[in-house]
Structures are given as C-alpha cells and as structure tokens.
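Asker: This is the structure, below, for whatever I ask next.
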Amino acid sequence: MSNEFSQGWEAAYGTHVEMGLWSDEPIPCLTRFILELASWDCRTVLDVGCGDGRNLQSIAEAGFACVGVDMSRTALGRAAERLDGRAFLVHDDANSLRSVADHCVDAVTCLDVFGQIPDPSEMLQNFARVLVPGGFVAVNAFTLTDSEYGKGEEVGPHTFSYQDTLFRFFTEEGIKELFADWRIHVFDRMSWIDPPHGIFRPYEHTHDSWIILASPISAESDAVHGAEVP
C-alpha cells in the first residue's frame with residue numbers, strides 16, 4: 001500500500017514480530033471462499049495483503065497455486081517461515097500490484113484488507129487487470145456495525161485512522177456501488193469474534209463483514225460463466 005498509512009502496518013508487524021500480530025487461525029469466511037473457488041475450478045490465487053500468511057497457508061493447503069503480496073517486509077518474512085516454499089511472496093503495493101502481470105491468476109483474495117486502502121475503486125480495477133477472463137475476486141469488507149467502527153480519528157465518511165493505519169467501514173449501498181461493474185455471485189454478511197491482537201487491539205472484539213465473490217462484467221467473463229452475452 002503506497003499511502004500515508006503504510007508505515008503503520010510495518011510498525012505493527014515489527015512490534016509483534018515474535019508473538020505474531022494475528023491469531024494463527026485463518027479468517028472465518030475463508031472456508032466458504034475456498035469451497036466457492038474450488039467449485040468454479042480455480043487453480044491459481046493471488047492473496048492481496050497476505051500479511052503473515054495465516055490465510056495464504058489455508059489457501060495453499062487447499063491445493064491452489066498461490067502468490068502473496070504485502071507491503072510489509074516483516075510480515076512477508078513471517079509468511080515465508082509459515083509457508084515454507086508453498087507460495088510465491090512479493091513485496092508490492094496492494095493497490096497497484098505493479099509486480100503482477102495482466103490476466104495471470106484465476107482468483108484474487110483480499111481478506112481484512114479491503115477497507116484499509118485509500119481508494120478501493122482503484123484497487124478493484126487492478127484486481128480486474130490481473131484476473132484471467134472469468135476470474136473471481138473474494139473479499140470481506142467491514143460493516144457499520146463492526147465493533148471497531150469509530151475507533152481512532154475520523155478522516156472521512158465511515159473512515160478512521162487507527163494507530164497509523166486506515167479502517168473504512170461500508171454500508172450495503174456503498175459496497176454494492178463499488179462493485180457496480182462486477183457480476184456478484186455471492187453477497188452475504190458474517191460476524192465473528194476476534195481474540196486480542198497484542199497492543200494493536202488488546203481486547204476481544206467482533207468483526208461484522210460483507211462477504212463478496214464477484215467477477216468483472218465483460219463479454220469474455222460472461223461467456224466463461226455461461227451468461228447470455230448481449
């Protein structure tokens with residue numbers, strides 16, 4: 001993430017380099033995404049904002065060929081230890097994905113990261129760029145009833161600076177507007193309890209997320225998915 005908040009994540013991972021910043025368990029919605037992507041015969045997955053690899057590990061174990069991208073070198077170091085060669089890891093800006101070629105992966109996962117990007121619409125454009133025709137993006141995006149809504153300094157509508165990182169929360173209307181140029185296959189809502197994250201969030205908290213699986217709308221994509229092409 002090439003933005004004013006990027007150093008906040010490097011600092012967060014650096015502070016927790018020994019104990020880890022997150023739980024070792026993957027994000028709870030990942031199981032559903034893995035089943036969905038497998039049902040569409042996806043084989044290659046790019047995990048954007050892979051962090052320390054806790055989600056990427058489960059994706060690799062499910063049999064996908066994986067690439068992880070993150071802006072924190074400390075996080076990527078921990079991911080390399082965790083993955084032990086089962087995924088390619090790339091230091092890059094999650095928003096622009098400069099190191100990722102056009103039309104090279106079947107799916108992009110972006111988990112607990114979508115609301116931490118200053119311009120998610122630009123990020124979605126780059127997701128569409130790197131996907132093969134008929135490819136998928138799988139994301140979660142925090143709702144306004146997430147327990148962490150309002151923590152930190154408000155810097156925009158439903159957007160807060162927290163410990164030098166960015167957290168944006170989405171209405172249903174707002175998230176669907178961002179995906180206006182995408183064919184939505186799954187749109188759901190899911191809540192879970194997260195354990196304390198060291199000094200980053202030193203308390204148990206509840207995340208409430210929109211769960212989205214979508215494909216770029218195009219003639220090629222619609223043909224792959226069996227839709228009627230106008």
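Asker: Tally up the residues in segment 137-159 that are of a type in the set (A, V, I, L, M, F, W, C), out of contact with any Leu (no Cβ under 6 Å at 6 or more places or on another chain) and within 21 Å of residue 48 (Cα to Cα), please.
Answerer: Of segment 137-159, the ones of a type in the set (A, V, I, L, M, F, W, C) are 137-139, 141-142, 144, 155.
Narrowing further to those that are out of contact with any Leu (no Cβ under 6 Å at 6 or more places or on another chain): 137, 139, 141-142, 144, 155.
Then keep just the ones that are within 21 Å of residue 48 (Cα to Cα); that gives 137, 139, 141-142.
Result for segment 137-159: 4.
Asker: Taking residue 113, is it crowded, with 18+ Cβ neighbours inside 10 Å, of a type outside the set (Gly, Ala, Ser) and at pLDDT below 95?
Answerer: Numbers: crowded, with 18+ Cβ neighbours inside 10 Å: yes; of a type outside the set (Gly, Ala, Ser): yes; at pLDDT below 95: yes.
Here the answer is yes, as residue 113 does meet what is asked.
Asker: Look through segment 123-149, keep the residues that are of a type in the set (S, T, N, Q) and touching a Ser or Thr at 6+ places or on another chain (Cβ under 8 Å), and return whichever of them is most open to solvent (accessible area, probe 1.4 Å).
Answerer: Initial filter on segment 123-149 (of a type in the set (S, T, N, Q)): 125-126, 140, 143, 145, 147.
With the extra rule that they be touching a Ser or Thr at 6+ places or on another chain (Cβ under 8 Å), the set shrinks to 126, 140, 143, 147.
Working: 126: 25, 140: 3, 143: 2, 147: 49 Å².
Within segment 123-149, the match that is most open to solvent (accessible area, probe 1.4 Å) is 147.
Asker: Within segment 100-110, can you find the residues that are touching a helix residue (DSSP H, G or I) at 6+ places or on another chain (Cβ under 7 Å) and open to solvent by less than 30 Å² (accessible area, probe 1.4 Å)?
Answerer: The answer is 100, 105, 107, 108, 109.
Asker: When you scan segment 74-91, do you find a residue that is open to solvent by 10 Å² or more (accessible area, probe 1.4 Å), in contact (Cβ under 8 Å) with a residue 24 or more places away in the chain and closer than 26 Å to residue 185 by Cα, even just one?
Answerer: For segment 74-91, residues open to solvent by 10 Å² or more (accessible area, probe 1.4 Å), in contact (Cβ under 8 Å) with a residue 24 or more places away in the chain and closer than 26 Å to residue 185 by Cα: absent.
Asker: Which residue, of 96, 2, 23, is part of a loop (DSSP other than H, G, I, E, B), at pLDDT below 90 and open to solvent by less than 30 Å² (accessible area, probe 1.4 Å)?
Answerer: Working: 2 fails: open to solvent by less than 30 Å² (accessible area, probe 1.4 Å); 23 fails: open to solvent by less than 30 Å² (accessible area, probe 1.4 Å).
Result: 96 is the single residue among 96, 2, 23 that is part of a loop (DSSP other than H, G, I, E, B), at pLDDT below 90 and open to solvent by less than 30 Å² (accessible area, probe 1.4 Å).
Asker: Between residues in segment 109-122 that are within 21 Å of residue 52 (Cα to Cα) and residues that are β-branched (Val, Ile, Thr) and part of a loop (DSSP other than H, G, I, E, B), which pairs lie under 7 Å by C-beta distance while being six or more apart or on different chains?
Answerer: 111/27; 112/27
Asker: Still on this structure, I have one more. Return a yes/no flag: does segment 179-188 have any residue that is of a type in the set (A, V, I, L, M) and either over 25 Å from residue 40 (Cα atoms) or modelled with pLDDT under 95 (or both).
Answerer: So in segment 179-188, the residues of a type in the set (A, V, I, L, M) come out as 180, 184, 186.
If we keep only those that are either over 25 Å from residue 40 (Cα atoms) or modelled with pLDDT under 95 (or both) as well, we get none.
No, segment 179-188 contains no residue that is of a type in the set (A, V, I, L, M) and either over 25 Å from residue 40 (Cα atoms) or modelled with pLDDT under 95 (or both).
Asker: Something else: Of everything in segment 162-187 that's surrounded by fewer than 17 Cβ atoms within 10 Å (Cβ to Cβ) and in contact (Cβ under 8 Å) with a residue 60 or more places away in the chain, which residue is farthest from residue 112 (Cα to Cα)?
Answerer: This residue is 185.
Asker: Follow-up. Every residue in segment 32-59 that is assigned to a helix (DSSP H, G or I) and either at positive phi or without any contact (Cβ under 8 Å) to a residue 24 or more places away in the chain (or both), please. Before you say what the answer is, go through the steps one by one.
Answerer: Taking segment 32-59 first, the residues assigned to a helix (DSSP H, G or I) are 32-39, 54-59.
Those that are assigned to a helix (DSSP H, G or I) and either at positive phi or without any contact (Cβ under 8 Å) to a residue 24 or more places away in the chain (or both): 35, 39.
The values are calculated or read from the model by the stated rules, or taken from the named source; none is laboratory data. Everything numeric here is computed off the predicted structure, so don't read it as measured data. No Cβ is skipped: glycine too gets one built from the backbone with ideal geometry, and neighbour counts run over all protein chains shown. To get the accessible areas, we keep the full protein, side chains included, count just its heavy atoms, and leave off ligands, DNA and RNA. Shrake-Rupley method; radii C 1.70, N 1.55, O 1.52, S 1.80 Å.
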